[in-house]
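First comes the structure, then the notes that go with it.
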Amino acid sequence: MTRIPLIDKNIQEPRELVSAIRARRGGELIDLDRLLLYSPKLAAGWNVFLGAVRDGLTLDGKLRELAICVIASVNGAEYEFHQHAPLFQKAGGSAAQTQALRDPDAALENAGLFSDAEHAVMRMTVEMTRGVKVSDATFAQARKVLGSDQLVVELIGVVGAYNMVARFIVALNLEP
């Protein structure tokens, strides 16, 4: 049970904002939106920002969703995992990989299940999520496997953004 009741899923106002969120979501508001809409300014900024992070970057979608699933697991944000695990699989992740992401530390030790790039993304994500700082070795490995500074910056942006999402979800006790 969320700590704040969800706003009615049929909310219409503010019309322009609700329409923009529905458009990004394929027509429906998800429960996260129904909490964000308590603050229209927050919901508006969130919609634009997270829309750009999810759909406007050049970082490979599988790596993006991998990072988000790791964030969800580390933070205990089951709602976030529930939303993004199917997207990870749609982007090319396997069911076995998805299950392994329930325990990111064990996943990092699984050399056969994840590629070098996936390991680098997971390691950076775990370090940023747990301790904010990233070791020089982890940063260098991510830079090497991603191949460009743009992709490193985008990965760091994804991890920062979705840690914000996880913290919002967990603080409000939003569950799937």
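No lab work stands behind these numbers, since they all come straight from the coordinates. These numbers come from a predicted model, not from an experiment. Note: ideal-geometry Cβ built from the backbone for every residue, glycine included; neighbour counts use all protein chains shown.
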Consider only pairs whose beta carbons are under 7 Å apart and that are at least six residues apart or on different chains; among these, list those whose first residue lies in the range 74-100 and is touching a residue at least 12 places away in the same chain (Cβ under 8 Å) and of a type in the set (Phe, Trp, Tyr) and whose second residue is surrounded by fewer than 21 Cβ atoms within 10 Å (Cβ to Cβ) and not in a loop (DSSP other than H, G, I, E, B). PHE88/LYS62; PHE88/THR98
Here are some residues: ALA107, ALA140. Which one is farther than 15 Å from VAL70 by Cβ and either in contact (Cβ under 8 Å) with a residue 12 or more places away in the chain or among the hydrophobic types (A, V, I, L, M, F, W, C) (or both)? ALA140
Would it be correct to say that PHE49 is under 19 Å from ALA107 (Cβ atoms), out of contact with any Gly (no Cβ under 7 Å at 6 or more places or on another chain) and either not hydroxyl-bearing (Ser, Thr, Tyr) or not in a helix (DSSP H, G or I) (or both)? no
Residues of the range 37-66 being of a type in the set (A, V, I, L, M) and free of Cβ contacts under 8 Å to residues at least 40 places away in the same chain, which ones? LEU37, LEU42, ALA43, ALA44, VAL48, ALA52
Residues satisfying the stated conditions in the range 8-42, i.e. charged (D, E, K, R), in a loop (DSSP other than H, G, I, E, B) and more than 21 Å from GLN83 (Cα to Cα): GLU13
Just to verify a result, which residue in the range 148-164, among those that are under 26 Å from LEU37 (Cβ atoms) and in contact with a helix residue (DSSP H, G or I) (Cβ under 6 Å, 6 or more places away or on another chain), is surrounded by the most Cβ atoms within 10 Å (Cβ to Cβ)? TYR162
